[in-house]
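The values are calculated or read from the model by the stated rules, or taken from the named source; none is laboratory data. Fair warning: this is a prediction, and the values are worked out from it, not measured in the lab. In this analysis, Cβ positions are derived from the backbone assuming ideal geometry, glycine residues included, and neighbour counts consider all displayed protein chains. Please note that ligands, DNA and RNA were not included when accessible areas were found on the heavy atoms of the full protein model with its side chains. Shrake-Rupley method; radii C 1.70, N 1.55, O 1.52, S 1.80 Å.
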Amino acid sequence: MAHEAGGARAVFAEYLRPRAIACHRHRTAHRIQPPAPTESRPGSGCPWPPVDDGYAGVLATSPPPQPPPKPHATMIRSTGLLLLCALAPLSAQAEVATKAPNKAAKAEPNSKSEPAVLYLRPSGVYADLPEMGVDLTSVLTGGNAKPKAFYELVERLEELSKEPSQELLLDLTGSFGMNLAQMSEMERCLAFLRRSGKRITAYLEHAGSLQIQLASQCDRVVMADMGMVELPSVAMSITFMKDALDLLGVHMDVVRCGDFKGAVEPYVLSQMSVHLRKHYLAMLGSINDDIVRRVATGRKLPATKVRALQEHRILPAKQAREAGLVDDLVPWTGAKSAFAKVTGRSKVAFTDVVKKKKRETVNVFSLLSNLFNPKQARDKIDSGVVVLHLSGAIVDGEKSRPGNIVSGPTVRLIHKLRGDSGCKAVVVRINSPGGSATASEAILLALKSLAKAKPVVCSMGRVAASGGYYVTCFGKPIFAEASTITGSIGVFGMKPSTGALMRRVGLHEEVVALDEGAYFTADRPWSGEHKATIQRFIDDVYDRFTSHVAASRDIPVTEVLKIAGGRVWSGEQAKERRLVDHLGGLADAVTHVANQAKLEPGYAVTHLPKPADSFAALVESMMGAKALLPPAAQRVLGTRPGLETALQIVFDQLTASRPTYVWAMLPESLRLR
């Protein structure tokens with residue numbers, strides 16, 4: 001220690017010698033007599049540089065007489081002195097550390113032969129098509145992180161079967177979001193890893209339904225002893241807006257086909273109708289049965305017991321162990337310490353399964369950069385199968401809108417796939433509650449054309465209902481998960497009249513028209529004749545929809561009408577009613593269509609379209625109905641995406657040039673929780 005201290009003092013003494021200081025702020029150089037070049041000082045481990053010390057070009061070859069020291073020069077030297085004080089001990093520690101591995105190798109000669117334990121901690125929201133929606137508040141605060149690509153995670157997990165390590169630690173303490181369709185994919189993926197010989201340990205602290213479902217697919221479940229399990233049954237929520245619209249002075253005129261078309265009820269009723277509630281309960285029971293099956297099968301428990309645990313809902317750690325949901329309780333010291341404890345190892349090395357990427361955030365500077373140098377996403381297609389993602393509400397238009405399926409760009413991409421020689425087969429992956437009936441028709445016709453040229457199948461994700469089901473009606477196989485929400489075969493039209501609202505704020509609109517046909521104005525409801533005309537149009541669209549279903553599924557129209565009318569089904573119920581062909585995920589659909597195309601193993605799988613950039617998302621957020629609301633209301637809508645869709649419907653109707661749009665979509669805020 002004395003030797004090291006002496007070396008440090010020598011370094012400090014050398015540092016205090018007069019040297020050159022460049023003052024870039026004033027564009028001048030203070031020339032001070034530099035020290036002569038020296039060798040490394042004994043014990044310091046730090047050779048002193050010759051003259052310029054990084055200030056080459058500033059020092060003169062022949063220094064003038066030394067000026068008095070400047071205040072800023074003294075400050076710089078003092079700062080450097082403090083840094084050297086901090087770095088001198090670290091230098092000595094670094095020398096010791098370089099010798100430490102040799103000792104460790106002698107102490108544990110077998111540590112190199114034992115591969116590191118694979119480690120995965122899911123976090124963030126996972127999406128099939130990870131597009132980003134942007135709001136100005138998030139932009140200014142540097143937030144709004146991009147969702148993660150779910151299928152990149154699945155592909156990485158499948159690659160683990162080739163890793164030498166036989167242990168995987170699944171740390172489920174992070175905040176992550178997956179829908180039930182993705183959970184089914186994860187169930188199959190973890191089962192594949194276990195069949196390949198991997199032993200999977202799950203670690204829990206506070207566990208919800210998603211965490212328990214994933215943990216149940218592992219060999220061992222470990223939980224912190226102060227943790228808690230929350231295992232609710234599945235439920236759904238719908239926001240009814242009639243009373244709020246009445247307070248605002250907005251009246252909704254609605255025409256529809258199907259008594260079970262629940263999409264219109266939130267606009268015209270204060271609460272859910274009895275027959276619709278009964279229908280939804282049957283669907284929820286089917287979806288919940290799949291969750292119960294997953295947990296019961298994984299933990300080797302009776303399904304009746306898991307259902308009883310759902311009714312109890314909350315279980316402390318000890319009670320969860322007694323119920324058979326977890327195997328071991330450990331102190332609250334983290335996943336890696338818990339793994340070492342339950343496996344009886346003193347030292348364990350871990351390797352992250354997913355490489356950490358720099359978090360992508362949206363800020364003003366990046367948006368300006370994208371504005372002047374836009375990044376064009378290229379839909380490059382490798383030879384093999386293309387997964388065409390249709391995610392979001394289906395809308396008419398010619399320009400892409402993040403979070404929506406816009407008819408124009410979608411049809412153009414489908415035609416491009418038809419003519420691309422690299423695209424050998426296509427899986428149409430649908431995550432959509434529906435939307436515009438005319439946009440759905442345009443996409444359907446394009447898919448029919450594609451299916452004549454290449455093998456095509458459909459794969460349903462979390463939801464593929466109404467217009468989302470409409471686009472599957474081209475006679476090819478349909479895959480769905482047991483928990484998929486589908487069906488909702490029905491259409492409706494709607495017109496808001498804002499006469500009362502306009503009177504409250506002192507507005508009055510005068511229309512000069514030649515006849516009553518011109519009176520499709522915002523301040524008055526439909527006349528009886530107009531409403532009858534719109535109803536006939538809605539009936540024609542509904543007849544077209546049911547005819548598409550009958551021809552595609554080879555079911556008589558009379559039978560289709562019994563399962564249509566706006567009724568919503570789970571994937572399991574839909575298979576029983578012949579609305580889908582197979583229960584399975586995207587991987588099953590890809591394998592099926594690859595076999596149809598007779599592709600050799602090793603074919604590429606390309607996901608299209610590429611996610612929209614952040615600037616496009618921001619521009620869209622500034623153009624829609626959400627931008628008209630105050631920031632607090634925008635934040636509320638951010639937590640209720642279905643409600644935002646409902647507001648967009650009203651906004652589109654108020655700004656539309658035609659009398660009405662025809663919609664084929666689910667209830668505006670139907671979501672599982």
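Of all residues being under 33 Å from the mean Cα position of the chain (by Cα) and among the aliphatic types (A, V, I, L, M) in segment 532-574, which is farthest from ALA282 (Cα to Cα)? Just the residue, please. The qualifying residue farthest from ALA282 (Cα to Cα) is VAL549. The residues of segment 519-548 that are in contact with a Phe, Trp or Tyr (Cβ under 8 Å, 6 or more places away or on another chain) and in a helix (DSSP H, G or I), listed by number, are HIS530, ILE534, ILE538, PHE545, HIS548.
The listed residues are ALA442, ALA453, ALA465, ALA446, and the only one of them that is more than 30 Å from PRO601 (Cβ to Cβ), small (Gly, Ala, Ser) and open to solvent by 10 Å² or more (accessible area, probe 1.4 Å) turns out to be ALA442. If you go through segment 258-275 and keep only what is part of a loop (DSSP other than H, G, I, E, B) and among the aliphatic types (A, V, I, L, M), you end up with ALA263, VAL264, LEU269, MET272.
Within segment 566-576, can you find the residues that are in contact (Cβ under 8 Å) with a residue 40 or more places away in the chain and open to solvent by 10 Å² or more (accessible area, probe 1.4 Å)? ARG567, TRP569, GLU572, GLN573, LYS575 - these are the residues of segment 566-576 that are in contact (Cβ under 8 Å) with a residue 40 or more places away in the chain and open to solvent by 10 Å² or more (accessible area, probe 1.4 Å). Taking the numbered list (1) surrounded by fewer than 24 Cβ atoms within 10 Å (Cβ to Cβ); (2) closer than 30 Å to LYS598 by Cα; (3) of a type in the set (A, V, I, L, M) in turn, VAL427 passes all entries but (1).
With the condition kept exactly as written, say whether any residue in segment 493-502 is free of Cβ contacts under 8 Å to residues at least 40 places away in the same chain and either farther than 23 Å from ALA439 by Cβ or of a type outside the set (Phe, Trp, Tyr) (or both). Scanning segment 493-502, I find no residue that is free of Cβ contacts under 8 Å to residues at least 40 places away in the same chain and either farther than 23 Å from ALA439 by Cβ or of a type outside the set (Phe, Trp, Tyr) (or both), so the answer is no.
Per the listing VAL395, VAL354, VAL342, VAL348, the residue uniquely over 19 Å from HIS607 (Cα atoms), under 19 Å from the mean Cα position of the chain (by Cα) and at pLDDT 70 or above is VAL354. HIS508 fulfils the conditions (1) assigned to a loop (DSSP other than H, G, I, E, B); (2) buried (at least 24 other Cβ atoms within 10 Å of the Cβ) except for a single criterion, (2).
Yes or no, residue by residue, for (1) open to solvent by 10 Å² or more (accessible area, probe 1.4 Å); (2) in a helix (DSSP H, G or I); (3) under 30 Å from GLY528 (Cβ atoms):
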| position | (1), (2), (3) |
| --- | --- |
| THR239 | yes, no, no |
| ARG256 | yes, no, yes |
| ARG277 | yes, yes, no |
| THR297 | yes, yes, no |
| VAL306 | no, yes, no |
| LEU309 | yes, yes, no |
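A single member of HIS206, HIS251 is open to solvent by 20 Å² or more (accessible area, probe 1.4 Å) and either more than 24 Å from the chain's Cα centre (by Cα) or polar (S, T, N, Q) (or both), and it is HIS251. A Cβ distance below 6 Å, combined with a sequence gap of six or more or placement on separate chains, defines the contacts here; from segment 326-350, residues that are touching a residue at least 60 places away in the same chain (Cβ under 8 Å) reach residues that are assigned to a loop (DSSP other than H, G, I, E, B) in the pairs ALA349/ALA116; PHE350/ALA116.
Looking only at segment 217-230, residues that are touching a residue at least 40 places away in the same chain (Cβ under 8 Å), over 23 Å from the mean Cα position of the chain (by Cα) and not in a strand (DSSP E or B) come to 1 in all.
Every condition in (1) open to solvent by 30 Å² or more (accessible area, probe 1.4 Å); (2) under 21 Å from LYS355 (Cβ atoms); (3) of a type outside the set (Gly, Ala, Ser) holds for ARG194 except the one numbered (2). Is one or more of the residues making up segment 277-294 under 30 Å from VAL342 (Cα atoms), out of contact with any Gly (no Cβ under 9 Å at 6 or more places or on another chain) and without any contact (Cβ under 8 Å) to a residue 60 or more places away in the chain? Yes, segment 277-294 contains a residue that is under 30 Å from VAL342 (Cα atoms), out of contact with any Gly (no Cβ under 9 Å at 6 or more places or on another chain) and without any contact (Cβ under 8 Å) to a residue 60 or more places away in the chain. Taking the numbered list (1) crowded, with 17+ Cβ neighbours inside 10 Å; (2) part of a helix (DSSP H, G or I) in turn, ASP243 passes all entries but (1).
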